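Each reported figure results from applying straightforward, stated rules to the coordinates on display, with no laboratory input. All values derive from a computational prediction rather than experimental measurement. Cβ: placed from backbone, ideal geometry, glycine included. Neighbour counts: every protein chain shown.
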Amino acid sequence: MTSAQTPTSATAAGQRPTALVWFRDDLRVRDHPALRAALAHGPTVALYVLDEESPGIRPLGGAARWWLHHALADLAASLERLGVPLVLRRGAAAAIVPDVAAQWRADYVVWNRRYGGPERRADTAVKSLVRRAGRQAESFQASLLHEPWDVTTQQGGPYKVFTPFWKELSARDHRHPLPAPRRQREAPEPAAPGDSLEDWGLTPRGPDWSGPLAEAWTPGEEAGLALLKDFLGPDTAGTAVAEYPEARDLPGRPGTSRLSPYLRWGHVSPFQVWHAVADRRRAAPEGSAVFASELGWREFAWHTLFHHADLASVNLRREFDAYPWWLPSGGRSRVKHDAGRGRPREASPAVVRGDAEANRLLEAWRRGRTGFPLVDAGQRELWATGWMHNRVRMVSASLLVKNLGIHWRLGERWFWDTLVDADTASNPFNWQWVAGSGADAAPFFRIFNPVTQEKKFDPDGSYVRAWVPEYGTDAYPQPCVDLAESRADALEAYRELGRGSTGRSA
Ligand SMILES: Cc1cc2nc3c(=O)[nH]c(=O)nc-3n(C[C@H](O)[C@H](O)[C@H](O)COP(=O)(O)OP(=O)(O)OC[C@H]3O[C@@H](n4cnc5c(N)ncnc54)[C@H](O)[C@@H]3O)c2cc1C
């Protein structure tokens, strides 16, 4: 506590000081530095704020809300075993956190850090309000292996290319996970109760679409750790991680870890994953290295968000602002770029079309009715389970932004609403990567062909059969776009961009 701060009523009254730990995207009790610090301080109470009011904070998508509901029930049960009550409140964090700290007479308020722009602004506001009320506030590093401001190029700026970023990061030491906390001996004096989880209405009201989600996932810490353990297997060859370098590209096989929602919600920490993988280095040297580098992409996405808070709305390479992607009228980025050259634009399905046609294509893509089986399988997997295989995410996103000419922001929004692992860094980062406008992005001219990708990565057709059972019958739609023609159009639009480009990039 600084000398400018006055003691709270709790310490003044001689009670043991209470600590308040504010949970956010770190819904676990193991390897949780803020919880550990709170428990070391004194009787601890936990808080989760459903914050849809702080300026700029992105409201959760439908699948994420479903996940959060179950994750909070899981967290409450874990905390109860530690004797820590969990208070739920809804509203702007800057109003709620100081209020709950006062109600529970907490003189120490702690949390693990977040890295998005609006989240950091909210945290700064909370910190200053808590301190102004004479309480101590402290934040910890828990969700990234290294703080974005600590990983810079020799010139002192952020990395823009993954390979040197990962070379630098993976050569560093990463702290070991903290041991599991013990049950607290003394509970805090009960104070005002919070909201009831049921009243938040996070699970579907009306038609219940969540059945397949519940079949696919068990949100929570134990389930996440069990998945990690299964994936890594015993310290011998022949485990999933050993086969990861080949199997990770085959959507018809369970070749990846499926840890993404568990990392997204912080049920498992990157430190737990990193060290567990490191322990398999001897048995599966290649697999563990490739898998660890995927954690690196996660880290790179978050570091990029830290330096570009508007990642979900602004092209990192600003020359792409002039690319004629379709957006609904009112928010269009479409520009007429044919200027009398080349083929007549009416022949260009990718670039110039009416809103009705573009909306029809967007809807076909969302619902898995494009007529490209690999893309349709992915979109249906996404709708049913809240997850899509990475290879298919790339192919599906490429079809939308390159062949259908629809703005990546619309695809990003759909993924935001439907993915259980949607996060404010990885989702826009990867959309911009596919679109070519992002950090260390795929070159624009690399346009995935969904037909050849299917042959290569679903050679026995098992993935497509699982999600598109009507494929090969009359019930299956014809391809919604001519691949060769739309590809040529996209490349022409891209070349045009180069001719008019300012060359400015982030
Ligand atoms: C258009 C598009 C959107 C995406 N949106 C998201 C998103 O919102 N949230 C998300 O976590 N991932 C996103 N990804 C990345 C990737 O598809 C998923 O992380 C991966 O499919 C999750 O499955 P897994 O856990 O089995 O991955 P594994 O292959 O087992 O990888 C292990 C972990 O590494 C991380 N990771 C792997 N690839 C990436 C990547 N390209 N970028 C960032 N982290 C990565 C994830 O945390 C993942 O759980 C997106 C990819 C694309 C192409």
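Quick notes on this one:
- Here I447, I57 are placed in order of increasing Cβ neighbour count within 10 Å, fewest first, which gives I57, I447.
- Backbone HN-Hα couplings from phi across segment 100-105 [Karplus 6.51/-1.76/1.60, Hz, Gly and Pro as x]: 5, 4, 5, 4, 8, 6
- Whole-Hz couplings from phi, Karplus 6.51/-1.76/1.60, listed for segment 420-433; x for Gly and Pro: 7, 9, 4, 9, 6, 9, 4, 5, x, 4, 6, 5, 5, 4
- Taking only the alpha carbons of the chain, we obtain Rg and Dmax values of 24.4, 82 Å in that order.
- Among S313, S143, S437, sorting on how many other beta-carbon atoms sit within 10 Å of each Cβ, with the fewest leading, yields S313, S143, S437.
- Taking Cα centre as origin and charging only the Cβ of basic (Lys, Arg, +1) and acidic (Asp, Glu, -1) residues, the dipole magnitude of the chain rounds to 1020 debye.
- Alpha carbon centroid spacing (whole Å) that separates segment 444-474 from segment 114-158: 43 Å
- Summary value for the chain: 16 percent relative contact order, contacts being C-alpha pairs under 8 angstrom separated by 6+ residues.
- Taking every alpha-carbon pair under 8 Å whose residues sit at least 6 apart, segment 382-477 reaches a relative contact order of 23 percent.
- MRE, 222 nm, helices only [DSSP H, n ≥ 4, -39500 (n - 2.57), over the chain, to nearest 500]: -13000 deg cm²/dmol
- Least to most buried among F306, F445, F429 (fewest other Cβ within 10 Å first): F445, F306, F429
- Listed peptides 383-392, 203-212 by packing density, highest first (mean Cβ within 10 Å): 383-392, 203-212
- Considering only Y471, V481, A377, the residue lying farthest towards the positive end of the dipole of segment 318-497 is V481, judged by Cα position with unit charges set on Cβ.
- Between Q272, A284, P251, the Cα set farthest toward the positive side of the dipole of segment 241-295 (charges on each charged residue's Cβ, about the Cα centre) is that of Q272.
- Using θ = phi - 60° in the Karplus curve 6.51 cos²θ - 1.76 cosθ + 1.60, the 3J(HN,Hα) couplings for segment 436-441 round to x, 9, x, 6, 6, 6 Hz; x is entered for Gly and Pro.
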